[in-house]
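The structure appears right after this line, and notes come after that.
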Amino acid sequence: MARDQYTQHRLVTTFQRRIANPLTRRLPGQMIVETTGRVSGQPRRTPVGGRRIGDSFWIVSEFGLKSQYVRNIQADPKVRVRIRGRWYHGVAHLLPDDDARARLKTLPFLNSAAVRALGTELLTIRVDLD
C-alpha cells in the first residue's frame with residue numbers, strides 16, 4: 001500500500017471506529033452487518049451501505065481485505081444483516097472479480113459516493129440471505 005493510501009486508510013478507519021460507527025450503529029434505519037470476531041469470537045457490528053436485491057444483500061467495502069469485517073468474513077462467512085430494523089441470517093461471499101465501481105451505481109447514492117471518494121481497494125460482497 002502506498003504511503004498516501006496507508007495514511008488515508010488509517011485516518012478513515014480511526015474516524016469510523018471511534019466516531020461514525022458508534023453513532024450510526026444506534027440509528028434504527030442503519031444497515032448493519034454482524035460478523036464473528038476472528039480472534040475474540042464475539043459479535044462485531046459494522047454499519048454498511050448496501051441494498052437487498054431479491055434474496056441477496058450487496059455491499060462494497062472501501063478497503064477490501066484490509067477491512068476488519070471483511071477479514072472476519074474470510075474466517076467465518078456466516079453473518080447477520082440488519083435491514084430496515086429486521087435481522088436476517090446469511091452467508092457472505094467476497095467477489096474480487098466483480099466490478100465494484102459498477103456495483104456502487106446500484107447501491108444507495110450517499111454511501112456509494114463516500115466509498116468511491118475514500119476507498120482505496122474496493123471489494124464487492126454478496127450476502128445470500130436465508
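The values are calculated or read from the model by the stated rules, or taken from the named source; none is laboratory data. Just so it is clear, the model here is predicted, and its values are computed rather than measured. As a convention, Cβ positions derive from the backbone with ideal geometry for all residues, glycine included, and neighbour counts pool all protein chains shown. Please note that ligands, DNA and RNA were not included when accessible areas were found on the heavy atoms of the full protein model with its side chains. Shrake-Rupley method; radii C 1.70, N 1.55, O 1.52, S 1.80 Å.
Of all residues in segment 99-111, exactly one satisfies the criterion of being assigned to a helix (DSSP H, G or I), closer than 17 Å to ILE83 by Cα and under 14 Å from the mean Cα position of the chain (by Cα), namely ASN111. Every test in (1) under 12 Å from the mean Cα position of the chain (by Cα); (2) part of a strand (DSSP E or B); (3) hydrophobic (A, V, I, L, M, F, W, C) is passed by LEU65 save one, and that test is (2). I need the full set of residues from segment 112-123 which are closer than 16 Å to PRO47 by Cα and open to solvent by 50 Å² or more (accessible area, probe 1.4 Å), in order please. Result: LEU118, single match.
Would you mind finding the one in ARG103, ARG80, ARG126 that is under 30 Å from THR7 (Cβ atoms) and surrounded by 13 or more Cβ atoms within 10 Å (Cβ to Cβ)?
Working: ARG80 fails: under 30 Å from THR7 (Cβ atoms); ARG126 fails: under 30 Å from THR7 (Cβ atoms).
Result: ARG103 is the single residue among ARG103, ARG80, ARG126 that is under 30 Å from THR7 (Cβ atoms) and surrounded by 13 or more Cβ atoms within 10 Å (Cβ to Cβ).
VAL115 versus (1) outside any helix (DSSP H, G or I); (2) at pLDDT below 95; (3) touching a helix residue (DSSP H, G or I) at 6+ places or on another chain (Cβ under 7 Å): which is the lone unmet condition? Of (1) outside any helix (DSSP H, G or I); (2) at pLDDT below 95; (3) touching a helix residue (DSSP H, G or I) at 6+ places or on another chain (Cβ under 7 Å), only one is false for VAL115: (1).
For the criterion of being open to solvent by less than 30 Å² (accessible area, probe 1.4 Å), β-branched (Val, Ile, Thr), in contact (Cβ under 8 Å) with a residue 60 or more places away in the chain and closer than 18 Å to VAL12 by Cβ, VAL48 passes.
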